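These notes are about the structure you will find just below.
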Amino acid sequence: MKSRQWVRDLAMGVRFAFAGGREGWTRALLTAVGVGLGVALLLITTAIPNALSARDKRSSDRDDFTYSAKRLPKADDTLLIANADTTFRSKDIRGRLVEPEGVKAPLPPGVAKFPAKGEMVASPALKKLLESDSGKLLRERYPYRIVATIDKPGLIGPAELAFYAGTTGLENHLSNGYVERIDYFGPSPNHTPDKLDPVLILLIMIIFVVLLLPVGVFIAAAVRFGGERRDRRLAALRLVGADGRMARRIAGGEALAGALLGLVLGTLFFLAARQSASVLVVRNVSVFPSDLNPSPALVALVAVAVPAAAVLVTLFALRGVVIEPLGVVRTAKPPRRRLWWRLLLPLGGLALLYPMMGQGNDNGSFNEWMVIGGTVLLLIGVTALLPWVVEAVVARLNSGSVSWQLAVRRLQLSSGTAARMVNGIAVAVAGAIALQMLFAGVEHDYTKSTDNDLNRAQMQVSLRSDVPLAEVGGALSGTKGVRHASALSLGSVGEKAKNPDNSLEVAVGSCAELREVARLASCRDGDVFRITGGEYGDKAKEFTTPGRTVYFDPRYDDQPSHTASWKVTPGVLTAEGREDPTGYERGGLLFTPGALPASAQAGLSPMVYVSLNQSVPDARDYVRNTAARLDPLSETFDLASSETSLQFKPIRNGLFVGATCVLVLIGASLLVSQLEQLRERKKLLSSLVAFGTRRRTLSLSVLWQTAIPIALGLLLASVVGLTLGAVLLRMTGESVTIDWASVLSMTGIGAGVVLAVTLLSLPPLLRLMRPDGLRTE
Amino acid sequence: MSIGHTLLGLLESGPRHGYDLKRAFDEKFGHDRPLHYGQVYSTMSRLLKNGLVEVDGIEAGGGPERKRYAITDAGITDVERWLATPEAPEPYLQSTLYTKIVLALLTHRDAADILDTQRAEHLRMMRILTDRKRKGDLADQLICDHALFHLEADLRWLELTAARLDKLAEAVAK
Amino acid sequence: MTPAGSLLVADALHKSYGPTTALDGAEFSIHPGEVVAVMGPSGSGKSTLLHCLAGIVTPDSGSILYNGREMATMSDAERSQLRRSEFGFVFQFGQLVPELTCVENVALPLRLNGTSRKAAEKAALTWMERLEVDDLGKKRPGEVSGGQGQRVAVARALVTDPRVLFADEPTGALDSLNGERVMELLTDAARTTNAAVVLVTHEARVAAYSDREIVVRDGKSRDMERVV
């Protein structure tokens, strides 16, 4: 009986939402757009885990380097594959050279036919890049003809740059580690997927909470759009005989209509966003639209929870409101907001998080539900505390300019509305501050600072063994954008030819080049040095006992090698170790070219430290081109002052993208309610202008009106965010340090949103202030 | 206005001389037109004849004879009956203004001008009344308001007619 | 053409809003201390005339001289300044800022002119006393009756000692008793300060508080003084 009444009233509200003429439609649409944006964001967020796992799956399906100790014999079904990864400008390119050894050689995923020598199969994005003007420089690196493209199963994202190029003669390089013989693509049998470390899992959980919570707050605010006009309609309903409860339920029905329409719009927005995902590349990460599939359970949850929340929020919002037949009366003096239960929420959150202090560094597991619950409570605490804070502060504000007075008085009358508008931003900022703090704290765990000396070199190029050192040095020195190139040949000597177990490092180069890796008192061509001190100092002395024979490029029996012997000559000089530009201090022996036995040359591989002229654009890519021309299997490294763990990067990207989306979304909703409020005051604004109020005064009062609650919101958000951040850091066992830069940048973004909203609402405000508003006829 | 009933009503509070009656009448009701003594005495003699008043006493004095009148029971009943009988609403169907307008239209004179002139005259009178109202007591205010509302009604008619002058001209021309 | 000693004179005013002509050659003049009623049917253009005279709306053509200065050549800022300091306004409704208390509303024009808050509110209270609403000082407009609110609005219009008071249907939302009280207070106050009053109304009894009336019909004005 009762439920039928409910259904009837809700249905009537739904009808009212759409039958209210243009005004009704506008309101319903406004609500729907707001809810729709929220729903779209929800769906995208729930789809991201699936998209990431689909990426991971395809990524492991094309694994080709098993790094297993067992060596496969050449057979009908084997393939030789070499890593030819490179970088173009800031983009990473996944490259493989392939050489099938039989008709049954396994095809890489997404590739229909092996490219022949001189041909390549490229990903669509790489093909496009190579064919474009901006890819001209890259084209020089690849002397291959594109004969086909890699299909989706072989790519982790639509914008991924990848290729397979056909080649021959890879067998000679099998022992070097960057060429492998395989008989299938996919993860090796003993491969276990990298388990994310518990701290990273914590981070991901918090990111989701931090992103989704403001969306919830936002949806709650969106269903309240146009509240004042709705109130008038409700009063009219009471006049024709609806009782108070019916009126409330009808209001709920109107919100329901907006929410349902919002679900539809949200789905459309989501599909549109999904389609555009293929063009969107966020820091090297792109996603296939077909991978963005939210799990059905989550979709069902969204479809049920959003409309239900809309109805509940409306009923909750109307609790302090008496709907009379002649108008809606807000209880003249709303009861003073109480502090105690508002404080319970964040305190409860802290209580949930407290038991997990310091769990991150030892056994390393967090109770997911306690983490999420505690974080949610802490952040929800912001939305509960903010109305109280705004009310308490605004009540104490007083003297000031006219614009200030107008704004303050307005806030005093309706501090709840103001606080509600800011809640979303406050929650987002609090969460983001906490996360940034956590990042900053955890970062040095995952970021290794390197010993690279960037003053001496900015790149390092390693090549295969059979390119003459002089040619390498000459070619790189002559490359555009290179200031200086120091080429060394690297290798090893052992005490036995067929056993590399007891061996020493060897570097060959001119006196000037050897000085990059050691301190030499004097040097002439023909000299040999041993490096004293360090771990290998004694062994080097032992190896260089005059008359002894040592062997270059020692290998085990079954491996091809270029073994050469050297009988130690008397007069081996001593040298002191020195860190090379990468921060490595080598030990072992140093040869000038004149001292090296000619037969030893083949067993050495060239390595070059390149110092760049940074003012030449694309200098790094000229170097990579030269290296690729010298040897397709060459590797180039950018020397940087720090390296970030790979796992860490996408998480961080996700946070930035998500936080920006959320703040923009909330900014949009702020703007909508701001405009609505202005429209309702059209007449007042016109009469204020009539008696000479400066436009500046009114504009400023609009600014204050937004800025005061936002300033308070950001302040509260900073306090809660820092608290949450500190707790999370303690949980991971890190020392607590406040990352002021991130606090400033997050509050800065929040303040930017306020400024943008004010600026965008100025043109309509100025239009509303025109005297037309006074016309009644 | 019935002077006889008014004088009778004034006697209800107690017997009075004819001169007192005139003064009380003028004070309360005769704002624009004071009563003549003759009117008082002729009215009183009529009432006396009809048995609605009686002579309460005669004071001999210097001047004219001074009779004191008192109301009889029949007189009280008569006042009661008069007060209880509603006044017939004025139908206002005979309007000189309307006649003037139609005639102006028939003779192709400017009817709008006539309306405006009348309008200005009405408003002039309203200003005078408003001014008097502001300076006067409550009785003045009520009397003036009565007149103002009537004048306002006339003015509204003038405005309405001005707005319909074209239609009226068509109807008259037929 | 300009009547000698006029404070505000308008001549040959034209103004259209899109296809509708609001003013079509209207004229107007007013002396200091004079109360002039602007009457006419709805949509005749009387409010537009008031807006033009007050410098809220710029006419398409015609001249408006205030104190010998042509308003058309003034910048928007100058006209705003004029409205702040020399003019006062009373509208039918919706003119009090709902969030401010009554005394703050009355003090608002003074504060816009840069008077300190204390001095402005003191002056506001004096005016509220004269309009018999000084007991409403701490209340907000939503908590007072229509007649009281309108008196607060009159107090606000007069607080700057304006030389011209523009009143657009000031009693339109009031019953006749309250309306008359407001008119009495308004005209009394204007006479004692020698302010001119431009009174737009469609009610004859309100117009009867004026010294002179002008009728606007189809955007043209007619001075009824010259008719008689």
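The values are calculated or read from the model by the stated rules, or taken from the named source; none is laboratory data. Quick caveat, the model's predicted, so the values are computed rather than measured. Note that each Cβ is placed from the backbone with ideal geometry, even for glycine, and that neighbours are counted across all protein chains shown.
What's the total number of residues in region C:4-38 that are hydrophobic (A, V, I, L, M, F, W, C) and within 14 Å of chain A (Cβ to nearest Cβ)? Lay out the reasoning, then the answer.
Of the residues in region C:4-38, the ones hydrophobic (A, V, I, L, M, F, W, C) are C:4, C:7-10, C:12-13, C:22-23, C:26, C:28, C:30, C:35-38.
If we keep only those that are within 14 Å of chain A (Cβ to nearest Cβ) too, we end up with C:22-23, C:38.
Within region C:4-38, residues that are hydrophobic (A, V, I, L, M, F, W, C) and within 14 Å of chain A (Cβ to nearest Cβ) number 3.
Yes/no matrix, rows are residues, columns are (1) assigned to a helix (DSSP H, G or I); (2) touching a Ser or Thr at 6+ places or on another chain (Cβ under 6 Å); (3) surrounded by fewer than 23 Cβ atoms within 10 Å (Cβ to Cβ); (4) at pLDDT below 85:
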position	(1), (2), (3), (4)
A:L406	yes, yes, no, no
A:A419	yes, no, no, yes
A:N423	yes, yes, no, yes
A:A432	yes, no, no, yes
A:A485	no, yes, no, no
A:P500	no, no, yes, yes
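At least 1 residues that are within 9 Å of chain C (Cβ to nearest Cβ), of a type in the set (A, V, I, L, M) and surrounded by 13 or more Cβ atoms within 10 Å (Cβ to Cβ) in each: list the helices (runs of 4 or more DSSP H) lying fully within region B:95-174 that qualify.
Here the list reads B:111-135, B:138-163.
Scan region A:75-89 for residues that are in a loop (DSSP other than H, G, I, E, B) and either without any contact (Cβ under 8 Å) to a residue 12 or more places away in the chain or in contact with a strand residue (DSSP E or B) (Cβ under 7 Å, 6 or more places away or on another chain) (or both) and report the count.
3
Within region C:65-79, how many residues turn out to be without any contact (Cβ under 8 Å) to a residue 12 or more places away in the chain and either within 13 Å of chain A (Cβ to nearest Cβ) or of a type in the set (V, I, T) (or both)?
Step one: filter region C:65-79 for residues without any contact (Cβ under 8 Å) to a residue 12 or more places away in the chain, giving C:68-70, C:73, C:75-78.
Restricting the remaining residues to those that are either within 13 Å of chain A (Cβ to nearest Cβ) or of a type in the set (V, I, T) (or both) gives C:73, C:75-78.
Within region C:65-79, residues that are without any contact (Cβ under 8 Å) to a residue 12 or more places away in the chain and either within 13 Å of chain A (Cβ to nearest Cβ) or of a type in the set (V, I, T) (or both) number 5.
Say we look at region A:86-110 and pick out the residues that are surrounded by 15 or more Cβ atoms within 10 Å (Cβ to Cβ) and more than 24 Å from A:N172 (Cβ to Cβ); which of these is modelled with the lowest pLDDT?
Going through region A:86-110, the residues surrounded by 15 or more Cβ atoms within 10 Å (Cβ to Cβ) turn out to be A:86-88, A:91, A:93-101, A:105-110.
Next, from what is left, pick out any that are more than 24 Å from A:N172 (Cβ to Cβ): A:87-88, A:91, A:93, A:109-110.
Numbers: A:T87: 85, A:F88: 86, A:K91: 81, A:I93: 89, A:P109: 90, A:G110: 90.
So, considering only residues that are surrounded by 15 or more Cβ atoms within 10 Å (Cβ to Cβ) and more than 24 Å from A:N172 (Cβ to Cβ), the one modelled with the lowest pLDDT is A:K91.
Name the residues in region C:170-184 that are surrounded by fewer than 20 Cβ atoms within 10 Å (Cβ to Cβ) and at pLDDT below 90, would you? Quick ask: steps written out before the conclusion?
Of region C:170-184, the ones surrounded by fewer than 20 Cβ atoms within 10 Å (Cβ to Cβ) are C:172-173, C:175-178, C:181, C:184.
Those that are surrounded by fewer than 20 Cβ atoms within 10 Å (Cβ to Cβ) and at pLDDT below 90: C:G172, C:A173, C:D175, C:S176, C:L177, C:N178, C:R181.
Quick check: anything in region C:42-53 away from every other protein chain (no Cβ under 13 Å), crowded, with 24+ Cβ neighbours inside 10 Å, outside any loop (DSSP other than H, G, I, E, B) and in contact (Cβ under 8 Å) with a residue 24 or more places away in the chain?
Checked against the condition, which is being away from every other protein chain (no Cβ under 13 Å), crowded, with 24+ Cβ neighbours inside 10 Å, outside any loop (DSSP other than H, G, I, E, B) and in contact (Cβ under 8 Å) with a residue 24 or more places away in the chain, region C:42-53 yields no hits at all.
From the list A:A751, A:A741, which one is modelled with pLDDT of 80 or more, farther than 29 Å from C:E86 by Cα and either assigned to a helix (DSSP H, G or I) or among the small types (G, A, S) (or both)? First the steps, then the outcome.
Working: A:A741 fails: modelled with pLDDT of 80 or more.
Among A:A751, A:A741, only A:A751 is modelled with pLDDT of 80 or more, farther than 29 Å from C:E86 by Cα and either assigned to a helix (DSSP H, G or I) or among the small types (G, A, S) (or both).
Filter region C:193-228 down to the residues that are of a type in the set (D, E, K, R), more than 7 Å from chain B (Cβ to nearest Cβ) and touching a residue at least 24 places away in the same chain (Cβ under 8 Å) and list them by number.
C:E203, C:D211, C:R212, C:R217, C:D218, C:K220, C:D223
When you go through (1) modelled with pLDDT of 90 or more; (2) under 18 Å from the mean Cα position of the chain (by Cα) one by one for C:E129, which number turns out not to apply?
For C:E129, the failing item is (2).
Out of (1) farther than 20 Å from C:K118 by Cβ; (2) more than 14 Å from chain C (Cβ to nearest Cβ), what's the single condition that is false for A:R410?
Of everything listed in (1) farther than 20 Å from C:K118 by Cβ; (2) more than 14 Å from chain C (Cβ to nearest Cβ), A:R410 misses just condition (2).
Residues of region B:16-36 being part of a helix (DSSP H, G or I), surrounded by fewer than 13 Cβ atoms within 10 Å (Cβ to Cβ) and without any contact (Cβ under 8 Å) to a residue 60 or more places away in the chain, which ones? Steps first, answer last, please.
Just the residues of region B:16-36 that are part of a helix (DSSP H, G or I), to begin with: B:18-28.
Checking which are surrounded by fewer than 13 Cβ atoms within 10 Å (Cβ to Cβ) leaves us with B:27-28.
Within region B:16-36, just B:E27 meets the criteria.
Kindly indicate whether C:V144 is more than 9 Å from chain A (Cβ to nearest Cβ) and either surrounded by 23 or more Cβ atoms within 10 Å (Cβ to Cβ) or under 16 Å from the mean Cα position of the chain (by Cα) (or both). Walk me through it before giving the result.
On the way: more than 9 Å from chain A (Cβ to nearest Cβ): yes; either surrounded by 23 or more Cβ atoms within 10 Å (Cβ to Cβ) or under 16 Å from the mean Cα position of the chain (by Cα) (or both): no.
No.
A:A512 fails exactly one of the following numbered conditions: (1) among the small types (G, A, S); (2) part of a helix (DSSP H, G or I); (3) buried (at least 18 other Cβ atoms within 10 Å of the Cβ). What is the number of that condition?
Here A:A512 meets the rest and fails (3).
Kindly evaluate C:V90 against the criterion of being of a type in the set (A, V, I, L, M) and within 25 Å of A:R679 (Cβ to Cβ).
On the way: of a type in the set (A, V, I, L, M): yes; within 25 Å of A:R679 (Cβ to Cβ): yes.
Yes, satisfied.
Looking only at residues that are of a type in the set (S, T, Y) and buried (at least 21 other Cβ atoms within 10 Å of the Cβ) in region A:743-761, which one is nearest to the chain's Cα centre (by Cα)? Please lay out each step first, then the result.
In the first step, residues of region A:743-761 are kept if they are of a type in the set (S, T, Y); the result is A:745, A:747, A:758, A:761.
Those left that are additionally buried (at least 21 other Cβ atoms within 10 Å of the Cβ): A:747, A:758, A:761.
Numbers: A:T747: 20, A:T758: 30, A:S761: 32 Å.
Taking the candidates together, the pick is A:T747.
Please list, ordered by residue number, the strands (runs of 3 or more DSSP E) wholly in region A:522-586 having 2 or more residues that are of a type in the set (V, I, T).
Values: elements: A:528-532, A:549-552, A:564-567, A:573-577.
The strands (runs of 3 or more DSSP E) meeting that bar are A:528-532, A:549-552.
How about region C:81-103: which of its residues are touching a residue at least 12 places away in the same chain (Cβ under 8 Å), out of contact with any strand residue (DSSP E or B) (no Cβ under 9 Å at 6 or more places or on another chain), under 28 Å from C:M183 (Cβ atoms) and facing chain A (nearest Cβ under 7 Å)?
Within region C:81-103, the subset touching a residue at least 12 places away in the same chain (Cβ under 8 Å) is C:82-93, C:95-103.
If we keep only those that are out of contact with any strand residue (DSSP E or B) (no Cβ under 9 Å at 6 or more places or on another chain) too, we end up with C:84-85, C:93, C:96-103.
Subset that is under 28 Å from C:M183 (Cβ atoms): C:84-85, C:93, C:96-98, C:100-103.
C:R84, C:V97, C:L100, listed by residue number.
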